[in-house]
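Bear in mind these aren't lab numbers, they're just calculated from the coordinates by the rules spelled out. None of the values given here were measured: they were computed from a predicted structure. Positions of Cβ are backbone-derived with ideal geometry, glycine not excepted, and every protein chain shown enters the neighbour counts.
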Amino acid sequence: MTAFVQHVLDALSVGSTYALLALGLTLVFSVMNLINFAYGLLLVWGGYGACVLVDAGVPFALVVPLCILFVTVLSMAMGRVAFRPFIGAPPITLLITSFGVLLIVQYIAILVFGEKPRVLDVPGFLTGVVTTGGLRIPVLQLVTIASGALVVAAFYALLNRTAFGAQLRAAAELPQTARLMGIRPDRVLMIAFAVSGAIAGVVGLLWFAKVGAVTPRSDLEPTLKAFIAIVLGGLGRISGAMLGGLALGAIEVAMNIVLPAGAITYAQAIVFAVVITLLVLRPGGLSGARTEAT
Amino acid sequence: MLRLALRADRLPGPAGRLGATAGAVLAAGAVTLLGALLFLAPTMREIVLLFGINAVMVVGFQLFVGNTGIVSFGHVAFMAVGAYAGGIAAIPVLDKELVLPDLPGPLASVEVGFVPALLIGGAAAALVALVTGPALMRLSGAAASIATLGLLIIVTNVLAQATPLTRGPQSLFGVPENTTFTGVYATLVATVAVSALFKWSGAGLRARAVRDQPMAAESAGVSVLRSRLWAFALSAFVTGVAGALYAQLLTAFSPASFYIAQLVLVIAMAIVGGIGGISGALLGAAVITVLNELLRRVESGMSVAGTEIHAPTGISSAVLGVALIVMLRWRPHGLLGSAELQFEGSAPARAEPEAPRTVPEDSPEAVGRTAGAARADDG
């Protein structure tokens, strides 16, 4: 029983990271059909931002908001400079454009920070372990799950309770009508990039607190996980993104338990194969969204 | 009276098909001739061979992407499979004991020459495509692209872990250096011919019909899945052959040789040249190979007119990134779009100037379809 609870907690913490990643990606996708290859780099820059601030002696309680702010601004800049000119282009053009953006922004990271991994020192309490009733729960895991729940709640409040949120939803659902109603697509896009950036800031901190070090090429793994999560959940749906992220987390943790020792090295391949199989059974993803972005 | 033309559709009838295929082969021949001239200079040899292999690879990539409109991120995986299958088959039996001591019996006693190694590489890649295709080809658009990226991850993971077969993440070495100028460019001409034949065949037409009007094509009895699967398998074969060529040029490589960096190259070549056509693929391969080679020399330091230029490592991929964005922003159809070099006869009056459109080829390509229109709309 304790083992089971432990696994569920593992799956929840991994899954909520993926769900947040997928949420940030989907938000921009729903407004401009962009699947952003460079999304993982926002995490990397956030990680580097945290490293620099921590090394400069800034207290961690300040590092967190500063980092999130930094990534938010970066995301907006990326959206404004690189992606705004492409509004209305087909998803594949946008996908490849973001690939180009990735190469450039990654190069800047290499220029500034070099290829060597940079260690992120997190405060001691984050690396601790809580022991209760036979369970050994890393504090970071609890923080991850809590942040996930908090961000999702804040996100839904923003989406459903504010004027920004109403504009976002309108622009995502009926862009033409939204425009006729006086909603400025540029502004909506910038809001989407800002929110998506803030989420990336949170995930970046969680991700690199867990991994421990940042390199300019650390973006690949989170980007891939987010991609798989959004496709698994169903492209373009907020609920699908979260479902996909949690499902991917569950599949990964389940693979680690179920697979025999000899097959564990193939875990990544098997997870992707499982996801592709699921997609064949449900081409619209778990939430049954459209398969072809229009 | 024959003349050459650049056009996106072909003239009707067998003569039109012959002219379109011959035009593509002529383009490959011209590229070969140019390569042969450059090959005379010893410093150019490596880049000429590399270009030929890249051209085979991009023509293979284009065979799928151009005809189906699905941008595959998985073709590098076919290249990897081709390189490993062809490479392992080509390693001499005696060396195999040293390089791959745990190779299963029947494989350990195999040793093949250059051409069979290419065919084995191609066949292995086509097999992977045929096994995964029925699943992958059900998806469309961006979901399909991401799923093919999944294929690349799967193949890289398996190659890096199947140590008895591949030496795992370490380099596989000992592949004989069989790749010659004749080998590469004969393969290129054959590849281009196959690609053009497919493009102008019924199967190619069906694939493009599904690309442009999936609903209409399906109601006309064209199977979306089957039409894509043909293109997928054939293009995987060609890309696998490119991998086997590459393996016998490099002689040592690892799964990392066929990953994101290689993916960037393939995509850049296809986008710059024009994703819709064979002629564009050849041009794109030429432009990007030269650009990439120049940048690599700049990275390792070179002197131009007495000044030492030394750029930090990684600049080549950043420049490729810029090239991608610039092309997609201002020339989304690439340098050549879907235009192909073709022979035209002194045609009967009905074929010109209003040739009956047998192929809906003038419709914009999937990539960059509305970037221009959207901009106008945006203002």
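Considering only alpha-carbon pairs that sit under 8 angstrom and 6 or more positions apart, the relative contact order computed for the range B:96-177 is 39 percent. Take each peptide in A:59-68, B:196-205, count the other Cβ atoms within 10 Å of every residue, and average; sorted highest first, the result is B:196-205, A:59-68.
In the range B:169-262, a dipole from Cβ-located charges (positive for Lys and Arg, negative for Asp and Glu) runs towards its positive end, and of B:LEU225, B:LEU172, B:GLN248 it is B:LEU225 whose Cα lies farthest in that direction.
Other protein chain C-beta atoms within 10 Å of residue C-beta, averaged over A:276-284: 4.
Sorting A:228-241, A:152-165, A:247-260 by average packing, meaning the other beta carbons within 10 Å per residue, from highest down gives A:228-241, A:247-260, A:152-165. Potential lengthening of the chain between B:PHE173 and B:LEU4 amounts to 56.3 nm, from the contour at 0.36 nm per residue minus the alpha-carbon distance.
Averaged over the residues of peptide B:154-164, the number of Cβ atoms from other protein chains lying within 10 Å of each residue's Cβ is 4. Cβ-Cβ distance of A:THR177 and A:ALA3, R₀ of 41 Å, FRET efficiency by 1/(1 + (r/R0)^6): the value works out to about 0.20. Per-residue mean of foreign Cβ neighbours for A:262-272 is 5 (Cβ atoms of other chains, 10 Å radius).
Mean residue ellipticity at 222 nm, helices only, chain B: -21500 deg cm²/dmol; runs of at least 4 DSSP H residues each add -39,500 (n - 2.57), and the sum is divided by the number of residues. Sorted on the mean count of surrounding Cβ atoms within 10 Å across their residues, most packed first, peptides B:234-242, B:66-74 read B:234-242, B:66-74. Largest first, the three principal axis extents of the alpha carbons in the range A:1-67 are 45, 37, 16 Å in whole numbers.
Each of B:LEU94 and B:THR180 was given a label point 7 Å from its Cα along the Cα-to-Cβ line. The distance between the two points is 2.2 nm.
Calculated FRET efficiency, A:TYR156 to A:LEU281, Cβ-Cβ distance, R0 = 30 Å: about 0.55 to the nearest 0.05. Reducing the range B:190-261 and the range B:39-91 to their Cα centroids gives an inter-centroid distance of 12 Å.
Only DSSP H runs of four or more residues enter the estimate; each adds -39500 (n - 2.57), and after division by the residues of chain A the mean residue ellipticity at 222 nm equals -24000 deg cm²/dmol. Based on alpha-carbon atoms, the Kirkwood radius and the radius of gyration of the range A:87-175 give Rg/Rh equal to 1.14. When +1 charges are put on Lys and Arg Cβ atoms and -1 charges on Asp and Glu Cβ atoms, the dipole computed for chain A relative to its Cα centre reaches about 560 debye.
Shape call for the range A:2-133 from the C-alpha gyration tensor, a ≥ b ≥ c root eigenvalues: rounded (a/c under 1.5), prolate (a/b greater than b/c) or oblate? Oblate, since a/c reaches 1.5 and b/c is not below a/b. Legend: translational diffusion of the protein assembly as shown by Stokes-Einstein, Rh = Kirkwood radius over C-alpha pairs, 37 °C, 0.692 mPa s; D = 125 µm²/s. Distance between the modelled labels on A:ALA267 and B:ALA162, one decimal in nanometres: 2.2 nm (7 Å Cα→Cβ projection). Placing unit charges on the Cβ atoms only, positive for Lys and Arg and negative for Asp and Glu, gives the protein assembly as shown a dipole magnitude near 1220 debye about its Cα centre.
For chain B, the calculated P(r), taken from all Cα-Cα distances in 20 Å bins from zero up to the bin holding the longest distance, is 28, 57, 14, 0 percent.
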